[in-house]
Structure formats: structure tokens, C-alpha cells
1. Could you name the aspartates and glutamates whose alpha carbon sits less than 15 Å from that of K114, not counting residues in the same chain fewer than 8 places away?
2. Rounded to the nearest angstrom and ordered from largest down, what semi-axes does the equivalent ellipsoid of region 1-98 get from its C-alpha gyration tensor (root of 5λ)?
3. Dipole size in debye (nearest 20) for the chain around its Cα centre, Lys and Arg Cβ +1, Asp and Glu Cβ -1?
4. Counting only heavy atoms of protein chains, what accessible area per residue, in Å², does the chain have with a probe of 1.4 Å?
5. Would you mind telling me the share, in percent, of accessible area of the chain contributed by carbon and sulfur at probe 1.4 angstrom?
6. Please tell me the relative contact order of the chain in percent, rounded to the nearest whole number, where contacts are Cα pairs under 8 Å and at least six residues apart.
7. Expressed as a fraction of 2.2 N^0.38 Å, the rule-of-thumb size for a compact globular protein of N residues, what is the C-alpha radius of gyration of region 85-131?
8. Taking a 1.4 Å probe, which of S60, S169, S32 shows the most accessible area, and what order do the others take after it?
Amino acid sequence: RRFQKIEIIEPNEEKTYQILLELKDLYCSFHSVSIEDDLLKEIISLTNKYMHNRMQPDKSIDILDEVCSKVQLQNSKEQNEIRLIKRRLDKLQIEKNNFVVKQDFKNALILREKEKELLDKKNNLLFKNFKNTKIKKVTLSDIEEVIFEKTRIPIFNMETSNLKNLELSL
């Protein structure tokens, strides 16, 4: 009859890693990407380091999902073109239906021909996109970008920066 607060202990990094390993295949197949197991450990360590407002495994699962979707959507010119064609088709169908209601069959026939052309173009793009579908790989920089977008904390790799040899240069 009453709500009580239940304290759930945050899992350690190893348990979180096991959870992400089990979820990895699900996210990879859904987003058509691949991610190496080592990057799962990076997700865990970076989320522990930069995201303090949430608990594991929630924050790591969230980052895994977002990075997979981000990689999937990168460089998808065909997908954008297909979306534009779908919008044009919707508009054409509305206009065509309006002409049919007004019994202006001549203009409705013209729009039907345009609709056929757009459908052919859309189907060709879908077929081409289906044939050329490549599984994209998630990289560490993709993970860092997603975490930066979430936290607005700049993340950079010490190995590639000048800070690595700071002591020598000073």
C-alpha cells in the first residue's frame, strides 16, 4: 500500500562488463554495426570517469546504444535521399487524392505517373542500399564523441596529445 525506497547496489566493472557482453549482440544486430569487446571496457571506464549522475549499468548501456545508432547513421546519404523521396511521395498522394475528390482526373493521372517514377527511384535506392550494406565498426573516438555530447566534458587521448611529454618539454 505504500512505496518504499529500495537500495540497489551498483554492479562492479566486471559485472557491468558481463551485462554489456550479453547485450552487445542485440545492439549490434539491431543497428548493423560491430563493436569489439575491448571497447565495452572503454565504455565502462569512460562512463565511470565522466558520468557521475547515473549508475552502472544504465549509463554504459545508454552509451552503447547511442554510439551504435550514431555509427549506423553516419554517412548514410542514401538513407537521407530515401527519406526525402518518401516525403515527396506522401505529398504527391495527398495532392493526387485531392484531384480525385475534385474529379480532376487529368491532373490526378499526371501525379500518378510522377508517383510511379518516385516509387521506382525509391525501390532502386533501397535495393542498392541493401546490396551495399556494410557492417560499420564502432571506434573509441565514436564513444568519446557520444560521451562528450552527453556530458560536455572534452575527452581526448593522452597518447596523441602533447601532454604526454609535458614533463620533458618543461
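The values are calculated or read from the model by the stated rules, or taken from the named source; none is laboratory data. Everything quoted here is computed from the prediction, not taken from an experiment. Here Cβ is always computed from backbone atoms with ideal geometry, including for glycine, and neighbour counts include all displayed protein chains. These area figures cover heavy atoms from the full protein model, side chains too; ligands, DNA and RNA do not enter into them. Shrake-Rupley method; radii C 1.70, N 1.55, O 1.52, S 1.80 Å.
1. D90, E95
2. 39, 21, 11
3. Working: 32 positive and 29 negative charges, 265 e Å.
Result for the chain is approximately 1280 debye, rounded to the nearest 20.
4. Details: 12920 Å² over 170 residues.
For the chain, the solvent-accessible area averages 76 Å² per residue.
5. 52 percent
6. Details: 115 pairs, mean separation 48.0, N = 170.
Relative contact order, the chain: 28 percent.
7. 1.31
8. Listed by decreasing accessible area, they come as S169, S32, S60.
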